[in-house]
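A short write-up of the structure that comes next.
Readers should treat all values here as calculations from the given coordinates under stated rules, not as data from a laboratory. Note that the structure is predicted; figures quoted are calculated from it, not measured. Cβ placement follows ideal geometry from the backbone for every residue including glycine, while neighbour counts extend to all protein chains displayed.
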Amino acid sequence: MNAATAIPSTSSRPGFLGEVMDRTPGDNRLDLCIQCGSCGGSCPAGREMEHTPRRLFALIRADEREQVLRSNAPWYCVSCYYCTVRCPQEVHITDLMYTLKAMAIEAGLYHDASLPDFSETFVDYVEKYGRSFELGIATRFNLRHHPLSLAGMAPLGLGMLKRGRMDLTPHRIDGMAQLTAILEKAKALEGGLQ
């Protein structure tokens, strides 16, 4: 038995499509996708993805569970929601990408072992400061996974610092207590869905 079939479906709907829809919070509307390609055409990270969202959704419908969960597409999604806004069927594409990431982690089927760590590093900074801290994310992630690449990034980092596009230290947002309460509620809701 391969890893792709090791996690049984708990879906009330048939197939991998049903499982993805059931695991995604809210009315994600994936079953209404008309394969128009607006999502992939508007995605700023689409060129880096093995499969555009449109192709990924076709693979989900075709029950290609392992191919979908091994895809880099959910990991390259930058959560800008542009695809969701442009979708004529109002499919909640970004939410579906989060679901696919979680499913890939559970099944151990992601193409790059460092990807979950990158997401965790990002979330750690958001939970601690209320925002992303690019220098910290890049440094922490690359020290763990690609330490030799840091020297090559120095000119880019210095240029960003010089132009005021990056800070040396993280800055905590106002209203951190409210954000923490929201994140705690989201974690509780997420735990109830699984």
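Each peptide among 85-98, 116-129 gets the average number of other Cβ atoms lying within 10 Å of its residues, and from highest to lowest they stand as 85-98, 116-129.
Rounded to the nearest 500, what is the chain's calculated 222 nm mean residue ellipticity when only DSSP H runs of at least 4 contribute -39500 (n - 2.57) each, over all residues? Provide the component values of the computation, followed by the final result.
On the way: 12 runs with 116 residues, N = 194.
Here the helix-only value at 222 nm equals -17500 deg cm²/dmol.
Within the straight-line cut-off of under 24 Å between alpha carbons, the lysines reachable from Lys101 are Lys128, Lys185, Lys187, sequence neighbours fewer than 8 places apart in one chain being disregarded.
The packing ranking, built from the mean of other Cβ atoms within 10 Å per residue, places the peptides 65-72, 177-184 in the order 65-72, 177-184, highest first.
For the chain, Cys33, Cys36, Cys43, Cys77, Cys80, Cys87 stand unpaired, since no other cysteine beta carbon lies under 4.7 Å from theirs. Would you indicate which of (1) 10, 39, 38, 13, 0; (2) 8, 28, 30, 22, 10, 3, 1; (3) 8, 29, 34, 22, 6, 0 is the value of P(r) over Cα pairs in 10 Å bins from 0, in percent derived from the coordinates of this structure? Of the labelled values, this structure produces (3).
Counting Lys and Arg as +1 and Asp and Glu as -1 over every other residue whose Cβ lies under 13 Å from the Cβ of Asn28, the net charge comes to -3.
For segment 115-193, what class follows from the C-alpha gyration tensor (a ≥ b ≥ c being the square roots of its eigenvalues): rounded when a/c is under 1.5, otherwise prolate if a/b is larger than b/c, else oblate? The shape class here is oblate.
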